[in-house]
């Protein structure tokens, strides 16, 4: 019998192509500017307190007193922090109270060890995505923490290389990756796609324009989804009334 031909296998680290309906640069920037409003809309879906999610998000991102500040200055991330981070994630996405209880059940020492080990890996990786992805097992050593929750923590480590895997952001890659799976392999595909888009956005940006990172891109995609859901995507139109249709092709910024 003739020898079998070797089947070609896809290179998991190959740069993914941009989805055909991915928002263009101008739309993404307008969306990023309306992220706070999107949070308010989402908060009203989950709680009677419309400011609850906004307050958690401020705590998360505050560069002086928030969780981002602790991570940027290499301070320990403890169980109280992880519990609040889970509250933020559940308020921003699907409500799954059992996950909050699981995170709260972790021993203090385990949380400190897992978060420290994971963040060090990402910090040392700098802009090397494949090295940064090696942090997932450490972060997921905690009960109630899977790839999505781990990414909510790891995206806060400068330079914000790893993206948070929200359902909203992942939905833009559904034509390529299929239904969302909360697994390490799916997250890695999502992260590679997001980082590739960040690279393209920054390559297109004019001098002096604020650069993109994975954290900003996720927030812009989240905002687009929420505003569309609430019928407010018309607010994302430019001054010329350009539609927010996802079929818009990306254009270079002026």
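Looking at the stretch 175-189 only, could you name the residues that are surrounded by 13 or more Cβ atoms within 10 Å (Cβ to Cβ) and part of a helix (DSSP H, G or I)?
Going through the stretch 175-189, the residues surrounded by 13 or more Cβ atoms within 10 Å (Cβ to Cβ) turn out to be 176-177, 180-182, 184, 186-189.
Of everything in the stretch 175-189, those that are surrounded by 13 or more Cβ atoms within 10 Å (Cβ to Cβ) and part of a helix (DSSP H, G or I) turn out to be 176, 177, 184, 186, 187, 188, 189.
Of all residues in the stretch 6-28, which are over 24 Å from residue 157 (Cβ atoms), in contact with a helix residue (DSSP H, G or I) (Cβ under 8 Å, 6 or more places away or on another chain) and at pLDDT 90 or above?
Within the stretch 6-28, 22, 23, 25, 27 meet the criteria.
When you go through 132, 170, 139 one by one, which is the residue that is closer than 28 Å to residue 51 by Cα and at pLDDT 95 or above?
Just one listed residue meets the conditions, 170.
Table: residues versus (1) assigned to a loop (DSSP other than H, G, I, E, B); (2) modelled with pLDDT under 95; (3) over 14 Å from residue 156 (Cβ atoms).
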residue	(1), (2), (3)
37	no, yes, yes
44	no, yes, yes
53	no, yes, yes
63	yes, yes, no
69	no, no, no
77	yes, no, no
80	no, no, yes
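The values are calculated or read from the model by the stated rules, or taken from the named source; none is laboratory data. Every value quoted in this text rests on a predicted model; they were computed, and no experiment measured them. A quick note on method: Cβ atoms are made from the backbone with ideal geometry, for glycine too, and the neighbour counts reach across all protein chains shown.
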